[in-house]
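Worksheet: one structure, shown below.
The values are calculated or read from the model by the stated rules, or taken from the named source; none is laboratory data. Please read these numbers as outputs of a predicted model, since none were measured by experiment. We place every Cβ from the backbone using ideal geometry, glycine too, and count neighbours over all the protein chains shown. Note: accessible area is taken over every heavy atom of the protein model, side chains too, but ligands, DNA and RNA are not part of it. Shrake-Rupley method; radii C 1.70, N 1.55, O 1.52, S 1.80 Å.
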Amino acid sequence: GWQASMKSGSLSYILPCNRLPVQLMSQVRVYTSNGQKKDLGSEDTNGSARGETLHKVETGRQDTTNAGQKQSSPKQPIQVKVKAVLKKREYGPKYTQNNFITGVRAINEFCLKSSDLDHLRKIKRRSPHDDTETFTVYLRSDVEAKSLEVWGSPEALARERKRRKEAEIKYRENLFRNQRLLWEYKEFFGNTKPRSSTAAMFFKGPGKVVMVAICINGLNFFFKLLAWVYTGSASMFSEAIHSLADTCNQALLALGISQSARTPDPSHPYGFTNMRYIASLISGVGIFMMGAGLSWYHGIIGLLHPHPVESLLWAYCILAGSLVSEGATLLVAINEIRRSARAKGLSFYQYVVQSRDPSTNVVLLEDAAAVLSVAVAATCMGLTSLTGNPYYDSVGSLGVGTLLGTVSAFLIYTNTEALLGRSIEPEQLQRLTELLESDPVVRAIHDVKATDMGMSKVRFKAEVDFDGRVVTRSYLEKQDIEQLLQEIQQVKTLEELEAFMLKHGENIIDTLGAEVDRLEKDLKQRNPDVRHVDLEIL
């Protein structure tokens, strides 16, 4: 028999057939049965010689296998082309030999010291953080080998991890004691540490509005309580309860403002901004239960068991003072909302309905309700004084409760919508989409989501179909083309081709990552409200 082997070009075989000759697609060598080798040229240049040689081989095979028989018809050649592919590498269900880890992870997860990492291979990679361009990482395989060298065996390493985990749990259990120690250290260091900026939040913006409201409503509650004790008026009792509810709710808002300024931690990577909405939601529930509920209760009791009302002169004076103070707080809240709405390019109504600033919204609505409730209480008390009928006073209490219930329902609805994560305005979303689609590296974007995280902070997510040709060209523009051409010309074997492709393939992937970082940075710079961008490669 005879066989064929390939010198270059595509890989082809001659089928072991007794009758049919096989015409190869590239340059081959033909071995005859007597061991002689005949080198055939390429199909394009030596086609006639190859056909003649193959005919001789066919004739020889026919003479030895089917002597004396006459060939009935000429045989057509069969062309076979087989692709040369690399052998598939099996990585298994878990493969971490090429993984990179940071020095912090190496120290924490493998129980190493920083000095243990000094002699390991250090690799510079692109940093995922905006403030640094590159950072140092280590091969996971090197770190695992070093940990086994330090601890001796995987069992010893597991015991050390368990010990550290127990120590961490014990530390968390004693967290209160540790916090007290930290406070003692702060007092010891005195002014050597920078002061917290939390207190400065209450001297401007929403914090200032809330603090003014707390002071005024606290004074109003004190004087209204005295007037109710003196007169026994149901409407005055409702007003006192209203001022107390406002004071407590605004104290809760102040707590929410201070908590929202906390820096993100591993348990809350996106920060504590939503604490303002949570405080406003609880405030709305508190108004409904404490303000509206007690006002309705006292009004119903007054209708069922009416009693004469004493002199209302002092009550009128206190209501007049309350009207002035509540109106002043209302003007402060209105001016703050107008300023914020103008900065965001929204109308006053849109800013309030969308609950852009929940703390200021609560103060605005509470003070607006307070001014209206003072007017309702004064009117009903005046009717009671003129007619001597205490039912008017009880009806005023019911009216104040209804007004508070309406405000609380609005606050609960708007803050719940904000906490659920609503989408941003369609016009703003369209601007972000057009910015991405106008970039040459982007072919298309899909599944776009932009969520308002609260306090003008937006999280943007999209599936991006990148143009691989543009990304590759961006990589080639940074390379020495002549040197790259020389590397290509030196590729002779499959192993060299694999090494060449792996080297530049990894570099192209790094270029793609750099393009993603550039797009995210552009989105944040052109849209300051966008704080978190997640671009997923499609």
Quick one: ranking Lys208, Lys524, Lys94 by accessible area, 1.4 Å probe, largest first, what do you get? Lys94, Lys208, Lys524
With all protein chains present and a 1.4 Å probe, the order of Thr360, Thr387 from largest accessible area down is Thr387, Thr360
In terms of modelled amide H atoms, which long-range or inter-chain residues lie less than 5 Å from the amide H of Asn99? Arg140, Ser141
Provide the solvent-accessible area of Thr231, counting protein heavy atoms only and rolling a 1.4 Å probe, rounded to the nearest 10 Å². 10 Å²
Gln490 paired with Leu331, simple spin-label distance in nm, labels 7 Å along Cα-to-beta-carbon: 8.2 nm
Quick calc: nm separation of the 7 Å Cα→Cβ label points for Thr387 and Thr136 -> 8.6 nm
Excluding Arg125 itself, calculate the net charge of residues whose Cβ lies under 15 Å from the Cβ of Arg125, where each Lys or Arg counts +1 and each Asp or Glu counts -1. +1
Evaluate E = 1/(1 + (r/R0)^6) for Ser153 and Leu420, where r is the Cβ-Cβ distance and R0 equals 56 Å; express this FRET efficiency to the nearest 0.05. 0.60
Could you give me the ³J(HN,Hα) list for the stretch 164-172, computed from phi with Karplus coefficients 6.51, -1.76, 1.60 and θ = phi - 60°, whole Hz, x at Gly and Pro? 5, 5, 5, 5, 5, 4, 5, 5, 5
With N residues in the stretch 198-420, Rg(alpha-carbon) / (2.2 N^0.38 Å) equals 1.07
SASA check, Trp151, accessible area w/ 1.4 Å probe, all protein chains in place, rounded to nearest 10 Å², comes out at 80 Å²
Sorting Asp265, Asp367 by accessible area (1.4 Å probe), largest first, what list results? Asp265, Asp367
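Relative to the Cα centre, what is the charge dipole magnitude of the stretch 426-537, using +1 at the beta carbon of each Lys and Arg, -1 at the beta carbon of each Asp and Glu, and rounding to the nearest 20 debye?
About 460 debye.
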Short version: ³J(HN,Hα) in whole Hz for each residue of the stretch 368-380, in order, from phi by Karplus 6.51 cos²θ - 1.76 cosθ + 1.60 (θ = phi - 60°), x for Gly and Pro, what are they? 4, 5, 5, 5, 5, 5, 4, 5, 5, 5, 5, 5, 5
Once amide H atoms are built 1.01 Å from N in the peptide plane, which residues 5 or more positions from Gly271, or in another chain, come under 5 Å H to H? Asp265
Globularity index of the stretch 426-537, i.e. its alpha-carbon radius of gyration over 2.2 N^0.38 Å: 1.38
With all protein chains present, calculate the accessible area of His307 using a 1.4 Å probe and round the result to the nearest 10 Å². 90 Å²
Give the long-range amide H neighbours of Met453: residues separated by 5 or more places, or on another chain, with amide H under 5 Å away, using H modelled in the peptide plane at 1.01 Å from N. Val458, Arg459
1/(1 + (r/R0)^6) with r = Cβ-Cβ of Glu536 and Ala145, R0 = 56 Å, i.e. FRET efficiency to nearest 0.05, evaluates to 0.95
If r is the Cβ-Cβ distance from Cys215 to Ile300 and R0 is 45 Å, what FRET efficiency results, to the nearest 0.05? 0.85
